Amino acid sequence: MSTQPRRAVIVVDVQNEYFTGNLQIEYPPSSQSLAHIARIMDAATAAGVPVVVIQQDSPADAPAFAVGSDGWQLHAEIGRRHRDALFHKPLPSAFSGTALGEWLEQHGIDTVTVVGYMTHNCDDTTIKHAFDRGMDVEFVHDASGAVSYANRAGYASAEEIHRVYSVVQQSRFAAVLSTEEWLHSLASGEKPVRDNILDSYRRAQARQSAAA
């Protein structure tokens with residue numbers, strides 16, 4: 001019996017707003033993550049793995065992703081590539097208010113690879129939504145990105161947010177891989193390393209004890 005995953009690549013919100021608009025990705029640099037996303041899309045298509053593109057829709061008077069605006073448009077590198085489906089979403093999760101879940105079920109998908117933006121927002125909610133649906137999830141950390149935040153709770157750099165969210169995903173919700181690792185897994189059939197909360201906690205405790 002084959003244990004090969006039935007994958008689909010979910011390309012989340014790779015829209016102009018994150019490159020030239022009001023919410024520009026800071027870390028990893030968007031030029032780098034975009035190149036990785038393009039490689040993943042091309043490799044998936046060559047391997048017969050479905051590619052699903054997600055596009056954020058906001059009201060016409062919204063400050064970002066306003067439907068019909070330049071910022072709302074898919075980045076040209078994404079728009080020109082093959083895709084098997086396109087879903088427009090009104091909320092952070094690619095599953096909320098869309099037919100993505102039904103599409104994945106109809107196509108027998110049990111594993112989703114999440115790439116795109118942002119690590120801590122739409123990627124995070126999509127990953128956890130897929131996890132709660134009982135799917136295996138992969139998150140490609142160098143094919144995604146974050147921005148910095150400052151508010152009444154404090155300040156966090158884009159690098160800090162991206163790193164912390166990646167660690168949390170690996171602790172339970174997703175296998176976190178680089179693009180090269182994901183391409184190797186696709187070609188070899190090797191399953192990516194997954195983890196759990198308790199082991200992640202124990203390693204952290206051991207690290208802290210060793211540093212004391």
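Enter the mean projected area of the convex hull around the alpha-carbon atoms of the stretch 7-211, in nm², rounded to one decimal.
Numbers: hull surface 49.8 nm².
Mean projected area of the Cα convex hull: 12.4 nm².
In whole Hz and in residue order, list the ³J(HN,Hα) couplings for the stretch 157-168 that follow from phi through the Karplus curve 6.51 cos²θ - 1.76 cosθ + 1.60, θ = phi - 60°; x for Gly and Pro.
Listing the rounded values in order: 6, 4, 5, 5, 4, 4, 5, 5, 5, 5, 4, 5 Hz.
Please list log₁₀ I(q)/I(0) at q = 0.13 Å⁻¹ for the stretch 1-128, using the Debye equation with identical point scatterers on the alpha-carbon positions.
-0.50
Please sort by residue number the chymotrypsin sites (Phe, Trp or Tyr not before Pro) in the stretch 1-72 whose DSSP state is loop and whose Cβ has at most 16 other Cβ atoms within 10 Å.
Sparse-neighbourhood loop chymotrypsin sites (Phe, Trp or Tyr not before Pro): none present.
Net charge near Glu180, counting Lys/Arg +1 and Asp/Glu -1 over other residues with Cβ under 15 Å of its Cβ?
Residues near Glu180 contribute -4 overall.
Can you figure out the FRET efficiency of Thr45 with Asp110, using R₀ = 25 Å and their beta-carbon distance, to the nearest 0.05?
It comes out at approximately 0.80.
Loop only by DSSP, 10 or fewer other Cβ within 10 Å of the Cβ. Give me the trypsin sites (Lys or Arg not before Pro) in the stretch 1-109 that pass, ordered by residue number.
Listed in order of number, the matching sites are Arg80.
With a point put 7 Å past each Cα toward its Cβ, work out how far Gln32 is from Ala212 in nm, to one decimal.
Modelled inter-label distance: 3.5 nm.
Distance in nm between label sites at Glu159 and Ile197, each 7 Å beyond Cα in the beta-carbon direction?
3.0
Can you work out the Karplus-derived ³J(HN,Hα) for every residue in the stretch 91-96? Use 6.51 cos²θ - 1.76 cosθ + 1.60 with θ = phi - 60°, whole Hz, and x for glycine or proline.
10, x, 6, 5, 8, 7
Please list the non-local residues whose amide H lies under 5 Å from the amide H of Asp142, H modeled 1.01 Å from N, same-chain partners needing a gap of 5 or more.
Thr179
Report the one residue of Leu198, Met118, Val12 whose Cα lies farthest in the direction of the positive end of the charge dipole of the chain (charges on C-beta: Lys and Arg +1, Asp and Glu -1; origin at the Cα centre).
Final value for the positive-end residue is Leu198.
Report the full-extension gain for the segment Arg152 to Ala99: residue separation times 0.36 nm, less the Cα-Cα distance, to one decimal in nm.
Taking 0.36 nm per residue and subtracting the Cα distance, the gain is 15.5 nm.
Let me check I've understood the local charge: for His88, count other residues with C-beta under 12 angstrom from its C-beta, Lys and Arg +1, Asp and Glu -1. What total comes out?
-1
Pick from Ala62, Ala150, Ala175: which is most flexible by mean-square fluctuation in a GNM of the chain where alpha carbon atoms under 10 Å apart are linked?
Maximum fluctuation in the GNM of the chain, among the listed residues, is at Ala150.
Looking at the stretch 142-197, which trypsin sites (Lys or Arg not before Pro) are in a loop (DSSP not H, G, I, E or B) and have at most 15 other Cβ atoms within 10 Å?
Here the sparse-neighbourhood loop sites are Arg152, Arg194.
None of the figures in this text is laboratory data; all of them are computed from the coordinates on show. Please read all numbers here as calculations on a predicted model, not as lab measurements. Positions of Cβ are backbone-derived with ideal geometry, glycine not excepted, and every protein chain shown enters the neighbour counts.
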